[in-house]
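What follows is a short report on a single structure.
Every number in this text was worked out from the coordinates using simple rules, so none of it is lab data. Remember, predicted model here, so these are calculated numbers, not experimental data. Neighbour counts run over all protein chains shown; Cβ positions are idealised from the backbone, glycine included.
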């Protein structure tokens, strides 16, 4: 019996030792790992950038593509160093966090509306039509509202299969915010949010599943992050922007949507911007971290590591955006982003 | 008479068809994973970490390391608790507290793994402010303990009481009987139970999503985020890049192979135990 007691006690002590030794690095020790989590929208870019950062500094930046809303939760629990979100935190969301945070934009992305129709016609739509389609109002592809905008195309009388996201998603948030802003019926009947009550269609989880579903389903229409549309070679719809031009998503049309006079706090939406070449569903994506990094006894080295990686993402890291179909930050936005990052402190003192 | 015959042949057909279906389902899954996965298998796949994003090649060595470390540490944490609990229940057969322990083990076994994951997140990850492989191991240990306890108990119950009585008659102490007679006799059976439990937790994804977090780098430190095969499959399968989706199939193939091997090993050991008994 004594045997068993000995083993049990040793296991307990071992467990306690491992448990209390803490998972954070001690002060002065170099930081070799950072945990970043959130947006699936920008995942390919962040992963690519963090890979390059690892090559350069040997710091393992681990990215967890949970979702924008999960990033907020993890930030609240302080289990990650940096959160990634597609939508700027609302005042209520900020209030739920224990301390003030900084939101730093890192790149531009677009939400593409993609269709699967025989012959891949170059379809044109406006916000009212997209709203009607996603509300289930338009039943067939040769509906008068579609043909009115596409007089040159011969569209089949097959049913329209609407596909939407069933999970809480930043992509849905951007898409529905655009529709609610641009179409009154959508605003009244559905509204905007990461998770809305979809009036019609089939739900899927994640951008990748959306791409696969649209690819497999003839007569389908869905919305997804532009990178996913490109990688799956889906046909993107040209959307009418506020100036009346029909624009397909591209890096140029994303960048065209950023106004030159975007204010320094980067408030204000990039959705439905006027301009001859601006795509209407464009969004910045953000990294979020606590303004003062000295919480939970975190070391100054960790604060510096957080600062350095974000600083690099805003600098050399930007070059990696466009090969992956994200828009790099225009200079004005980048300067504003650097100003925000400069507010990062550790025990009240600036980190850099 | 004909009605009875008809009933007989109908039921016979249904039973045989269901049995056949069972084999067919397994065959279809294994075959599909084999066909989809084996094409992209190569040496790099087993020995290299994922290639930088967008570049071809690379492997899942990080996830293989992770699966082994996380599963082994979970087993190391869970084995003593599970085995001792099993020994307790077997040695106190019929007692009220032993029955309660058995009931609790069964209840714990029935808890969905996603709940174990949330538990691990709340009490380990959120408590220590960090995702880590160790928290994943502890979460998996919660799934490992009840299965191990039940298997240990059942195998110990198979030890003939005459054998134990003989030991007692020779004047052996209880600790000596438990250790030298019961456990020695049942060792192969207990090991097989441990392997089955390990096979079970090696394929779990839900607890890892909340605890291990995943990592694209080869990581040996249990206090850091780490990848594992099920997690990597989940992430790759939902990636926009066809190359990664293909790697997800290959990783699935490796995982299934690993689990089938563990289970085969367990079966083999069980067979040996039964032979010894007979």
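Some values worked out for this structure:
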| quantity | calculated |
| --- | --- |
| GNM flexibility winner over chain B from B:136, B:172, B:85 (Cα, springs under 10 Å) | B:172 |
| Solution diffusion estimate, µm²/s, Stokes-Einstein, the range A:62-144, Kirkwood Rh from C-alpha pairs, 20 °C, viscosity 1.002 mPa s | 130 |
| Three-way shape label, the range B:26-130, alpha-carbon gyration tensor, a/c 1.5 | prolate |
| Antiparallel %, DSSP beta bridges [both residues in the range A:110-283], to 5 | 65 |
| Computed over the range A:110-283: relative contact order in percent, which uses C-alpha pairs under 8 Å that are six or more apart | 30 |
| Taking the convex hull of Cα positions in chain B, its mean projected area over all directions (nm²) | 21.0 |
| Cα coordinate range in the range B:108-171, projected on the principal axes (Å, largest first) | 56, 24, 14 |
| Among A:119, A:206, A:222, residue whose mean-square fluctuation peaks in a GNM of chain A (springs only between Cα atoms under 10 Å) | A:119 |
| Average partner coverage of B:214-221, which counts Cβ from other chains inside 10 Å | 5 |
| Förster radius 22 Å - calculated FRET efficiency between residue B:172 and residue B:272 (Cβ-Cβ, nearest 0.05) | 0.30 |
| All-pairs alpha carbon distance profile, the range A:110-283, 5 Å steps from 0, percent | 1, 9, 18, 23, 22, 16, 7, 2, 1, 0 |
| Peptides ranked, highest mean first, by Cβ atoms within 10 Å: ranges B:223-231, B:74-82, A:339-347 | B:223-231, B:74-82, A:339-347 |
| Inter-chain shielding of B:236-247 (mean C-beta neighbours from other protein chains, 10 Å cut-off) | 5 |
| FRET efficiency, residue A:197 to residue B:221 (Cβ-Cβ, R0 45 Å, nearest 0.05) | 0.50 |
| Centre separation in Å (Cα based) which lies between the range B:105-150 and the range B:39-68 | 27 |
| Fully extended contour minus Cα-Cα distance, from residue A:217 to residue A:300, at 0.36 nm per residue | 24.6 nm |
| Linear extension gain, residue B:72 paired with residue B:56, 0.36 nm per residue minus alpha-carbon span | 2.7 nm |
| C-alpha long axis of helix A:300-314 to longest principal axis of chain A, angle in ° | 20 |
| Nearest 10 degrees, 0 to 90: helix B:2-38 Cα axis against chain B principal axis | 50 |
| Inter-part distance where the range B:242-265 and the range A:76-141 are each reduced to a Cα centre, Å | 34 |
| Length-normalised contact order for chain B - Cα pairs under 8 Å, 6+ apart - percent | 26 |
| Length-normalised contact order of the range A:186-286 in % [C-alpha pairs under 8 Å, at least 6 apart] | 19 |
| For B:222-230, mean number of other protein chain Cβ atoms within 10 Å | 3 |
| Computed helical MRE - 222 nm, the protein assembly as shown, DSSP H runs ≥ 4 contributing -39500 (n - 2.57), nearest 500 | -17000 deg cm²/dmol |
| P(r), alpha carbons of the protein assembly as shown - 10 Å bins starting at zero, rounded % | 3, 14, 22, 21, 18, 12, 7, 3, 1, 0 |
| Sites residue A:122 and residue B:40, calculated FRET efficiency, Cβ-Cβ separation with R0 41 Å, nearest 0.05 | 0.70 |
| The range A:106-151, Cα convex hull volume normalised per residue, Å³ | 107 |
| Of A:54, A:223, A:63, the one that fluctuates the most in a GNM where chain A has Cα springs shorter than 10 Å | A:54 |
| Chain A shape via C-alpha gyration tensor axes, a/c threshold 1.5 | prolate |
| Separation in nanometres of the label points that stand 7 Å from Cα toward Cβ, at residue B:261 and residue B:127 | 3.4 |
